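Heads up, the thing below is written out as structure tokens.
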Protein chains: 2
Amino acid sequence: MKKVSALRPSKRERKKLQTPNPEARQRLMDAASDIIRAGGYNALRIEAVAERAGLSVGTFYLYFEGKADLFVEIVIDYTERLLDRLQEAYHTEGTVPERMTRGLDAYLDFVEENELGFIHFVQDASVLETTAGRLSDWAFQEHAEALRPLLEEGISSGEMRPQNPMLAAQALVGMTQHICVFWLQHHKEYTRQQIRSFLIGFPAAGLTPQAPRASARSR
Amino acid sequence: MKKVSALRPSKRERKKLQTPNPEARQRLMDAASDIIRAGGYNALRIEAVAERAGLSVGTFYLYFEGKADLFVEIVIDYTERLLDRLQEAYHTEGTVPERMTRGLDAYLDFVEENELGFIHFVQDASVLETTAGRLSDWAFQEHAEALRPLLEEGISSGEMRPQNPMLAAQALVGMTQHICVFWLQHHKEYTRQQIRSFLIGFPAAGLTPQAPRASARSR
């Protein structure tokens, strides 16, 4: 995975901790995640994060540069955990379409666990600059890179139609994320089962009606 | 089209002009568009907009509440102009797939005209709140609503596979926008022709290899 971090516009050198406490850092990230889930990046206030974590604002600044740094670290953390689950699904046994469907199930689990937090992470990530460009571009690239080998395998085994695997991976990742945001915004109108069926059927078969299978005719 | 405008957090009543000058307003919007194209929303400074338009900062505030208001108005303006071109393409003669391809060509023209400005409009729009939710959600909804009747027509004529037309419209819009952002970020790696072919072929046929056509066998 490509190393990425928040852009640090401040020239001021942050006070370095001799013995940073990973538990304190995690408490700050968990507190911030709760706030982002409810109200997005705009609702994030450092005072509120510190208070919720039971730490001082001074301690906060020992671990993070500020709001943007904290948000970027959280999105990176979530993305990496999601990618681990996707990679696990992609590396199970079975056909390429079966493994892609297991990846989709892991993705939908993640969306349901985070609900509106998923929308905040996705939409706010599109304006935050990191050392690897916009945070959302980094996340899309990581997702597409994880999916691409599976598409290449499917194309070379004949399970999938030959096409540019990078564009296909990007198209699948962009479409899946977009439909999940749409789903969360219209939660009462579609069940998970409807969204799942659509996200399996549409990329598989596209818009064109299926030609009657030659094999069905010849039987 | 749904009426939409920037959220106005300021309670202060803006000074109303007795005889607003549409030409001054347009000059401010054009100046701001140039700045956004080069550097995005973050680069937008009201002083710079006024200077570029040859007007005073005081005059600026007679026409716009501030930065967010101005940006939202510009994105709405661009989106409406793009939607007009898409609607024109969708209402030409021909099969549904032919008309969709003409819409895609109009979309790709727009992307090429605006280049990096397209990325800025798209990504910054995802964090700006309007009276109809996030600006990007409004734009997606308008695009999907414009496309949906065409999909419904294709499904009912048998030119397209039966499926949920709203989800299919959202999937097409989300995927097309995402691939165009990806294209602009990797401009040297893909030609317009490659992107166009992909954006016709992938939604049409999906991932699955085509079954040999029964008609081809029976001939």
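Observations, loosely collected:
- Any hit, segment A:144-151, residues being of a type outside the set (D, E, K, R) and open to solvent by 60 Å² or more (accessible area, probe 1.4 Å): yes
- Matching residues in segment A:33-57 - criterion: being at pLDDT below 95 and of a type outside the set (D, E, K, R): A:Ser33, A:Ile35, A:Ile36, A:Ala38, A:Gly39, A:Gly40, A:Tyr41, A:Asn42, A:Ala43, A:Leu44
- Verdict on B:Thr92 being buried (at least 19 other Cβ atoms within 10 Å of the Cβ) and either in contact with a Lys or Arg (Cβ under 8 Å, 6 or more places away or on another chain) or closer than 25 Å to B:Val181 by Cα (or both): no
- Every test in (1) surrounded by 15 or more Cβ atoms within 10 Å (Cβ to Cβ); (2) in a helix (DSSP H, G or I); (3) over 11 Å from the mean Cα position of the chain (by Cα) is passed by A:Leu83 save one, and that test is (3).
- With respect to (1) open to solvent by 10 Å² or more (accessible area, probe 1.4 Å); (2) at the interface with another protein chain (Cβ under 8 Å from one of its Cβ atoms); (3) out of contact with any Pro (no Cβ under 6 Å at 6 or more places or on another chain); (4) over 21 Å from A:Val173 (Cβ atoms), the lone exception for B:Arg161 is condition (3).
- Among the candidates A:Tyr61, A:Tyr90, A:Tyr78, A:Tyr41, residue that is away from chain B (no Cβ under 14 Å), touching a residue at least 40 places away in the same chain (Cβ under 8 Å), out of contact with any Gly (no Cβ under 9 Å at 6 or more places or on another chain) and of a type in the set (Phe, Trp, Tyr): A:Tyr61
- Among the residues making up segment B:104-122, those that are within 11 Å of chain A (Cβ to nearest Cβ) and under 11 Å from the mean Cα position of the chain (by Cα) are B:Ile119, B:Val122.
- Residues that are surrounded by fewer than 22 Cβ atoms within 10 Å (Cβ to Cβ), polar (S, T, N, Q) and facing chain A (nearest Cβ under 9 Å), drawn from segment B:164-196: B:Asn164, B:Gln177, B:Gln185, B:Gln194
- The one condition in (1) over 30 Å from A:Arg196 (Cβ atoms); (2) in contact with a strand residue (DSSP E or B) (Cβ under 7 Å, 6 or more places away or on another chain); (3) not β-branched (Val, Ile, Thr) that B:Gln123 fails to fulfil: (1)
- In segment B:102-199, counting only helices (runs of 4 or more DSSP H) that sit wholly within it, the ones holding 3 or more residues that are without any contact (Cβ under 8 Å) to a residue 40 or more places away in the chain, under 21 Å from A:Ile119 (Cα atoms) and in contact with a Phe, Trp or Tyr (Cβ under 9 Å, 6 or more places away or on another chain) span B:135-157, B:165-185.
- Filtered residue count, segment B:56-80, keeping only those that are closer than 25 Å to B:Ala169 by Cα and open to solvent by 50 Å² or more (accessible area, probe 1.4 Å): 1
The values are calculated or read from the model by the stated rules, or taken from the named source; none is laboratory data. Remember, it's a predicted structure, so these values are computed and weren't measured experimentally. Here the Cβ is made from the backbone with ideal geometry for all residues, glycine too, and neighbour counts use every protein chain on show. When the accessible area is computed, the model is the full protein with side chains, heavy atoms only, and any ligands, DNA or RNA have been set aside. Shrake-Rupley method; radii C 1.70, N 1.55, O 1.52, S 1.80 Å.
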